Amino acid sequence: MRKSMSRFIIAFTTIFIILFRSKPASAATHEHKWEVEYAFKSPDCYRKLAITINGQYPGPTIAARQGDAVVVTVRNGLLTENVAIHWHGIRQYGTPWMDGTAGVTQCPILPGESFVYRFVVERAGTYLYHAHYGIQRQAGLYGMIEVSLPMGESEPFSYDFDRSIILADWYHANTYEQFVALSSVPFVWIGDPSSILIQGRGKFKCSTPGMEPELCNATSPECVPHVLTVVAGKTYRIRIGSLTSLAALSFEIEGHNMTVVEADGHYVEPMTVKNLFIYSGEAYSVLVTADQDASRNYWTTAKIVSFESSTPQGLAIFNYYPNRPLRNPPTTPPIGPRWDDAEARSAQSSAVKALAGYAYPPPRKADRRIVMLNTQNTIDGHVRWAINNVSLTFPQTPYLIAYKENFRRAFNRTPPPDDYDFGNYDIYAVAGNPNATENDGVYRLKFNSTVDVVLQNANTLNPNTSETHPWHLHGHDFWVLGYGSGEFDRVKDPKKYNLLNPIKKNTVAVQPYSWTALRFTADNPGVWAFHCHIEPHFLAGMAVIFEEGVEKVGKLPSSIMGCGLTKGYPKP
């Protein structure tokens, strides 16, 4: 009893410090009014519909200081689609209903209606926001959140200027076409992206045979390469976020080293790299010094590395002032690493460690371990993705509302399994029985307990094929304890965990035929999604739901209701 009470007091005190004591007296409120609409855009020279915010693609950057409040009024101007926006990496202590996850923490925003998101950005760092309804992120509904330290405080590294870049993959097929393809029997895969975009700009080859000239204009100003202008001798902090719908990328600035100093809002022991492997949902800060020949420009590239692809790499220009910004470099772009070099990707991920003086060692032991087998499966002829043979489906009533309003029949109360039959499962082979089951059950976690999750990658429905999955946890950061190839050994591998200086993140990758282990504390009352950040995989069931301390959540605002069993609830 004493131990339980002590842990509760520690958790409460931690939250109090984060929300109040760390909040500077000069904390500001940043208000934004957003109109979400479709508009014709040509980010890679090909004209298609994109989802914009106030006509912009990518959406506007939110800039704030640690402890500031952010208020975003979102009006859904999509005539036939619902909308929800997730604030990726913002943990929402005390405001779990503002996480922006349709079906989990809120009902979606109906066409023509508005919703007001209010939350505090409690930690400095680089974060993202994006659609969390259907596959609208793939249509361009996303942007960046830059959180600075309070006035008078400084980072543990120095630089002259702060810049940001969002990386994305881009499809010419619209989201309706892709949704139908992924849901069809027989299954139709969406294929390779048409382009890779750097800060919303790319270059599709308009001379492609069969291309309609009125749809593709190589001289469109919208597809002029993104230019990052630098002054010789200066050092730049470049915040790099990936919101690809499918691809893992290698990011590189020709001829320049990058020093990684931040990952998902946490300081990193400085690590110098030639290219940065980055997965969907991740955000890094790198330091780059303009120390090369200043008489010319250099290429910035982003290349797909998680699967063999025909998609050309994304190109931007690293422009040394006063050279003309759009003056092409005299060299060919660097070709980057091999797409199938998973060993190099794993090595770079393993090398990321928490900065000395800013490392927060995890609890020495976990109270619970959940091993999650990542597989591709079938259900009634439909291709699905599953965890421990369970493919998640979302109930009509969001989980948070169902728990707080005690709607006991809103979803299945049988929890998914904590492990799989590893003694009889061959991760290197197509499953003998590929059929999975659909379920909307929840992992209920003891409040303030320590939870280990081991992500185990296996073969897909195709022989000799295993995928790369980036996993994102809402409402928390987790310690990345370790990576390994092959099947996770439940006795030997935990002995190799890094319990000294593991980095904390909100998104982590698991490589083909490999495992990734993470640990987090279930200390944020609410209901939270944990899912693969690849849009088609999440859409097709590759996700789980965690519930913790929901009885501690305050009264829910009526603005998040209006769907499922709350259809009759009055709106504000």
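A few notes on this one:
- Ordering of 508-514, 374-380 by packing [mean C-beta count within 10 Å, highest first]: 508-514, 374-380
- Largest accessible area first, the residues LYS495, LYS48, LYS353 order themselves as LYS495, LYS353, LYS48 under a 1.4 Å probe with ligands, DNA and RNA left out.
- The range 378-529: Rg to Rh, with Rh as the Kirkwood radius over Cα pairs: 0.97
- Excluding ligands, DNA and RNA, the accessible surface per residue across the range 216-263 is 26 Å² with a 1.4 Å probe.
- Within-14-Å neighbourhood charge of GLU146 [Cβ basis; K, R +1; D, E -1]: 0
- 15 Å beta-carbon shell around VAL104, net charge (K/R +1, D/E -1): -2
- Area of TYR569 that stays accessible when all protein chains are in place (1.4 Å probe, Å², to 10): 80
- The chain shape via C-alpha gyration tensor axes, a/c threshold 1.5: rounded
- Distribution of pairwise C-alpha distances over the range 20-148, 10 Å bins, in %: 13, 45, 31, 10, 1, 0
- From the alpha carbon centroid of the range 36-68 to that of the range 214-291 is 19 Å.
- In the range 161-351, one over the average inverse separation of all distinct C-alpha pairs is 17.8 Å, which is the Kirkwood hydrodynamic radius.
- Surface calculation, 1.4 Å probe, protein heavy atoms: THR29 sits at approximately 80 Å² accessible.
- LEU565, LEU518, LEU539, LEU79, ranked by accessible area, largest first (probe 1.4 Å): LEU79, LEU565, LEU539, LEU518
- Computed over protein heavy atoms with a 1.4 angstrom probe, the accessible surface ordering of VAL224, VAL74, VAL231, largest first, is VAL231, VAL224, VAL74.
- Applying a 4.7 Å cutoff between beta carbons, the unpaired cysteines of the chain are CYS532.
- Taking all protein chains together and rolling a 1.4 Å probe, ASP421 ends up with roughly 100 Å² accessible.
- Local net charge near THR393, Cβ-Cβ under 9 Å (Lys/Arg +1, Asp/Glu -1): -2
- Backbone N within the range 294-311 under 18 Å of label point (7 Å from ALA344 Cα along the Cβ vector): 299-311
- Using the rule -39500 (n - 2.57) for each DSSP H run of four or more residues, divided by the residues of the chain, the 222 nm mean residue ellipticity is -2000 deg cm²/dmol.
- Note on the range 368-554: Lys pairs 8 or more places apart or on different chains, Cα atoms under 28 Å apart, count 16.
The values are calculated or read from the model by the stated rules, or taken from the named source; none is laboratory data. Just so we're clear, the structure is a prediction, and the values are computed from it rather than from any experiment. Counting neighbours? That spans all protein chains shown, and the Cβs are built from the backbone with ideal geometry, glycine included. We work out accessible area using only protein heavy atoms, side chains counted, and drop any ligands, DNA or RNA first. Shrake-Rupley method; radii C 1.70, N 1.55, O 1.52, S 1.80 Å.
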